[in-house]
1. If we keep just the residues of region 68-108 that are small (Gly, Ala, Ser) and either free of Cβ contacts under 8 Å to residues at least 12 places away in the same chain or assigned to a strand (DSSP E or B) (or both), which is farthest from residue 141 (Cα to Cα)?
2. Which number in (1) in contact (Cβ under 8 Å) with a residue 12 or more places away in the chain; (2) open to solvent by 70 Å² or more (accessible area, probe 1.4 Å); (3) assigned to a strand (DSSP E or B) marks the one condition that residue 127 misses?
3. Only one residue in 168, 159, 178, 219 is within 27 Å of residue 104 (Cα to Cα) and open to solvent by 40 Å² or more (accessible area, probe 1.4 Å), so which one is that?
4. Which residue, of 62, 114, 110, is touching a Pro at 6+ places or on another chain (Cβ under 8 Å) and under 29 Å from residue 224 (Cα atoms)?
5. Taking into account only those residues within region 79-92 that are surrounded by 12 or more Cβ atoms within 10 Å (Cβ to Cβ) and more than 60 Å from the chain's Cα centre (by Cα), which is farthest from residue 181 (Cα to Cα)?
6. Only one residue in 331, 278 is closer than 17 Å to residue 349 by Cβ, part of a loop (DSSP other than H, G, I, E, B), of a type in the set (A, V, I, L, M) and modelled with pLDDT under 80. Which one?
7. Taking the conditions exactly as written (within 60 Å of the chain's Cα centre (by Cα), open to solvent by 50 Å² or more (accessible area, probe 1.4 Å) and in contact (Cβ under 8 Å) with a residue 40 or more places away in the chain), does residue 122 satisfy them or not?
8. Looking at region 130-144 only, could you name the residues that are in a strand (DSSP E or B) and either closer than 30 Å to residue 173 by Cα or of a type in the set (S, T, N, Q) (or both)?
Amino acid sequence: MSDVDRSIRVRAFLEQWLSVLLIAAVLLAAVGGWWSYQVHANPDVERESVTVGQWTESTAFDHSSVVVNDSLVFEEGERVRNRPVYYVNLAEELDVTYRYAHTASEGAVDVTTDVRLVYRGVEGEDVLWQYAEPLASGSADGLTADGNHTVDATVDIDEVFANIDTIERQLGAAGTIEIRVVAASSVEGTLSGRDVSATYESAMPITVTQQTLRVLETETIDESGQRTDTVERVVEPSGVEAVGSVLVFVVGLAGTGGLLVARRRGLVDLSPDEREILHVHQQEQEFSEWITRGTFPSEREYEATVLVDDLEGLVDVAIDTNKRVIKDEQLGVSTVLDGDYVYVYVRPDSPAEDWLVNYADMTMDEFEQFDV
């Protein structure tokens with residue numbers, strides 16, 4: 001009898017906080033329902049760009065020359081190709097082939113190309129002058145990945161030297177003269193479903209001496225392109241979201257229903273005796289320094305028994321008489337013994353309540369007939 005029954009504590013807590021718990025359960029159910037709806041009925045949609053087509057565009061130069069003078073190294077009439085150096089004594093012309101191509105699996109483009117020979121005087125990073133003359137032009141309509149667009153041009157070596165001499169006579173020998181075969185291609189059309197409109201310029205630099213033409217590293221195009229589409233993908237909820245949202249909703253709904261049923265049926269209401277038991281428990285904690293655990297007297301040795309209405313009153317008696325409160329855990333009875341009087345407080349849940357209240361003149365032997 002030393003402690004309050006757990007069910008009484010729980011019901012007392014529920015009775016005191018029922019409104020707050022009910023509001024919390026409703027909010028929990030609402031949050032769980034909204035979360036569950038968002039996860040299952042209105043999932044997140046992720047937008048991402050997906051490449052649906054890609055291609056490359058490239059340009060290149062090929063060059064060659066026909067040997068016009070027989071030598072120990074080269075035979076007359078022989079065509080030498082893509083050599084780094086061509087000898088002026090053995091060749092009269094340098095043949096150049098420019099090529100444009102793309103790799104798009106779908107679509108076609110129209111290509112127009114102008115090839116020109118550009119002379120320019122440079123000094124360090126500065127371009128002092130520039131002169132260009134056309135060499136060739138060409139076009140291709142509806143060019144697909146299966147074909148190439150090519151333009152053939154010819155550089156007259158003697159004419160190159162003649163132009164260089166003329167320029168040096170007119171301008172002097174300031175700076176260095178550079179020669180470049182430049183091809184400019186205009187590309188219009190559709191590649192892999194994407195509209196294309198671009199101009200590409202490629203160059204083949206050449207350095208010239210009295211004995212040689214040296215072809216330097218070409219400056220060509222190698223461009224990549226792609227077409228992307230934006231696609232939407234439903235983001236599958238994680239296991240925590242899928243289960244957790246439903247669980248929160250179910251817990252909130254069950255809590256709301258359970259609390260409403262408990263309130264309607266009075267399951268959380270405390271009886272007057274139970275309320276007094278809780279109050280006594282609080283008083284026992286408050287007045288613990290005045291209370292000593294013991295056993296109720298086995299025989300009636302007192303002239304009068306005074307029943308006290310509450311524990312606080314019994315503690316007041318103990319303070320006034322300078323006595324201890326003796327608490328019998330088994331019987332649920334607290335007493336103060338003072339001379340010929342015994343002051344008694346009986347807990348509502350005491351099995352000795354009827355005996356102490358209605359049969360106060362009985363001895364303990366007579367009391368044994370009760371189921372204590």
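1. 77
2. The number of the failed condition is (1).
3. On the way: 168 fails: within 27 Å of residue 104 (Cα to Cα); 159 fails: within 27 Å of residue 104 (Cα to Cα); 178 fails: within 27 Å of residue 104 (Cα to Cα).
After applying the criteria, what remains is 219.
4. Values: 62 fails: touching a Pro at 6+ places or on another chain (Cβ under 8 Å); 110 fails: touching a Pro at 6+ places or on another chain (Cβ under 8 Å).
Criteria check complete, one pass: 114.
5. Here the answer is 90.
6. 331
7. no
8. Let us first name the residues in region 130-144 that are in a strand (DSSP E or B), namely 130-143.
Matches in region 130-144: 130, 131, 132, 133, 134, 135, 136, 137, 139.
The values are calculated or read from the model by the stated rules, or taken from the named source; none is laboratory data. From a predicted model like this one, the values you see are computed outputs, not experimental measurements. As a convention, Cβ positions derive from the backbone with ideal geometry for all residues, glycine included, and neighbour counts pool all protein chains shown. Surface areas here come from the heavy atoms of the whole protein model, side chains and all, with no ligands, DNA or RNA. Shrake-Rupley method; radii C 1.70, N 1.55, O 1.52, S 1.80 Å.
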